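Following: one structure in structure tokens, then a few remarks.
The values are calculated or read from the model by the stated rules, or taken from the named source; none is laboratory data. What you see is a predicted model, and the numbers here were worked out from it, not measured in a lab. Here the Cβ is made from the backbone with ideal geometry for all residues, glycine too, and neighbour counts use every protein chain on show. Just the protein is used for accessible areas: all its heavy atoms, side chains included, with ligands, DNA and RNA removed. Shrake-Rupley method; radii C 1.70, N 1.55, O 1.52, S 1.80 Å.
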Amino acid sequence: MKRVLVIGATGYLGRHVVSELKRQGHWVRALSRHTDSFSNNPFAPDEVFTGEITQPETLHGLMDDVDYVFSSLGITRQRDKLGFWDVDYQGNKTVLEMAMAARIKKFVMISVVRPELAQHLDIVGAREAFVDKLRASGLEYTIVRATGFFSDMMEFLTMAKSGRVFLFGSGQHRMNPIDGGDLARVCVDAFDRQENEIEVGGPDVLSYNEIAELAFSALNLKPNIIHLPNWVTSAAIALLYPFNRKTYTIIKFFATLTQHDIVAPPVQGKHLIEAYQTAGRTL
Ligand SMILES: NC(=O)c1ccc[n+]([C@@H]2O[C@H](COP(=O)([O-])OP(=O)(O)OC[C@H]3O[C@@H](n4cnc5c(N)ncnc54)[C@H](OP(=O)(O)O)[C@@H]3O)[C@@H](O)[C@H]2O)c1
């Protein structure tokens with residue numbers, strides 16, 4: 001049995017990692033900003049440690065009696081005033097320094113496939129600056145680099161439900177998105193693997209046009225896909241910059257990725273159509 005600290009445990013991937021660790025019989029401490037994050041969860045962590053990653057004075061004892069750390073800490077849709085450098089870089093660095101002091105056995109974290117495509121954007125730049133710190137830490141580590149999560153693919157389903165899906169550019173580039181549960185298994189297995197970096201994606205390689213079509217078909221709707229020319233996308237996103245830099249960065253990141261193929265070695269696992277059909281029943 002491993003004793004594992006999960007940072008980012010209340011997020012999409014973190015919840016799946018907590019469940020997978022518990023399913024495999026490990027002991028889990030989960031960091032959360034809230035006290036009631038895991039009520040009604042059959043695979044709840046053994047201990048919820050309440051703390052705010054940007055306030056180190058709230059983290060005393062976080063690393064006590066744990067041997068392994070998993071981090072999916074980062075900003076996606078959080079509406080607080082914190083930025084990527086506060087959380088993805090400095091927050092993870094705070095945890096890493098505590099892990100080094102506690103001499104844990106291994107640190108596993110999540111990052112993106114093909115970071116060089118968007119390294120100039122804070123959402124990737126801050127995370128990869130932390131990756132460099134982890135590589136230099138002297139700790140055993142694995143960086144799991146994943147393609148798009150199914151949670152992000154739900155944006156296409158929401159657009160389809162409203163009658164049209166907007167795509168950046170031609171929609172012809174491809175990726176193989178991955179389910180959180182399938183990815184969590186890879187992350188947990190990484191504690192026992194030798195590789196410092198693992199790339200992983202889901203079982204289906206799909207163009208963005210095909211992803212949009214799947215979303216319509218799960219809802220039994222006729223496809224209605226609108227392709228936004230790249231100049232329109234760039235101009236619209238640039239308008240956001242002065243008002244909301246965090247949202248600008250996130251949309252620019254997705255717009256950048258959709259202009260390239262993001263395909264990683266597949267795991268056998270859930271198909272996107274299944275996730276769309278399940279989610280479509282309650283949308
Ligand atoms: N989404 C993708 O397609 C994708 C692909 C590859 C890699 N990634 C990377 O994977 C990471 C995790 O993704 P996800 O979808 O699981 O994100 P998520 O659902 O937003 O989870 C992020 C986690 O970080 C925590 N967090 C954020 N700010 C915090 C703070 N100041 N103090 C303490 N905890 C804080 C969140 O806590 P709260 O619940 O309290 O906000 C949550 O537990 C992302 O940051 C991204 O870099 C994502």
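Could you give the accessible area per residue of region 140-283, probe 1.4 Å, as a whole number in Å²?
49
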With no solvent and one equal point scatterer per Cα, compute the Debye intensity ratio I(q)/I(0) for region 36-125 at 0.17, 0.19, 0.23, 0.26 Å⁻¹ and report its log10, rounded to two decimals. -0.89, -1.06, -1.32, -1.42
Going by average Cβ neighbours within 10 Å, how do the peptides 135-147, 16-28 rank, with the highest at the top? 16-28, 135-147
Just going by the charge dipole of the chain, with Lys and Arg at +1 and Asp and Glu at -1 on Cβ, which of G163, S234, L121 is farthest out on the positive end? G163
Taking the Cα centre as origin and putting +1 on Lys and Arg beta-carbons and -1 on Asp and Glu beta-carbons, what dipole magnitude results for region 71-198, to the nearest 20 debye? 180
Stretched out fully, how many nm does the piece from R23 to D86 gain, at 0.36 nm a residue minus the Cα gap? 19.4 nm
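Over all pairs of distinct alpha carbons, what does the Kirkwood formula give as the hydrodynamic radius of region 92-133, in Å?
11.3
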What is the angle, in °, between the Cα long axis of helix 122-135 and the longest principal axis of the Cα atoms in the chain? Nearest 10 is fine, range 0 to 90. 30
Determine the dipole magnitude for the chain: charges of +1 sit on the beta-carbon of Lys and Arg, -1 on that of Asp and Glu, nothing else is charged, the reference point is the Cα centre, and the result goes in debye to the nearest 20. 480
With Cα coordinates, the longest principal axis of the chain makes an angle with the long axis of helix 150-161, in degrees rounded to 10, of 30
Sites S39 and K161 - FRET efficiency at Förster radius 25 Å, r taken between beta-carbons, to 0.05: 0.30
For the chain, radius of gyration divided by Kirkwood radius, i.e. Rg to Rh on alpha-carbons: 0.97
With a 1.4 Å probe and every protein chain kept in, tell me what percent of the accessible surface of the chain is carbon plus sulfur. 52
Compute the helix-to-body angle for 92-101: its Cα long axis versus the longest principal axis of the chain, expressed 0 to 90° and rounded to tens. 20
Set of aspartates and glutamates near K270 by C-alpha distance (under 14 Å), chain-local residues within fewer than 8 positions excluded: D179, D182, D204
Set of lysines with alpha-carbon distance to K133 below 24 Å, sequence-local pairs under 8 removed: K93, K105, K106, K246
Hey, what number do you get for the chain at 222 nm if only DSSP H runs of n ≥ 4 count, each worth -39500 (n - 2.57), divided across all residues, to the nearest 500? -11000 deg cm²/dmol
If R0 is 35 Å, what FRET efficiency do you get for N230 and D46 from their C-beta distance, rounded to 0.05? 0.10
What's the ranking of 33-42, 63-72 by average number of surrounding C-beta atoms within 10 Å, highest first? 63-72, 33-42
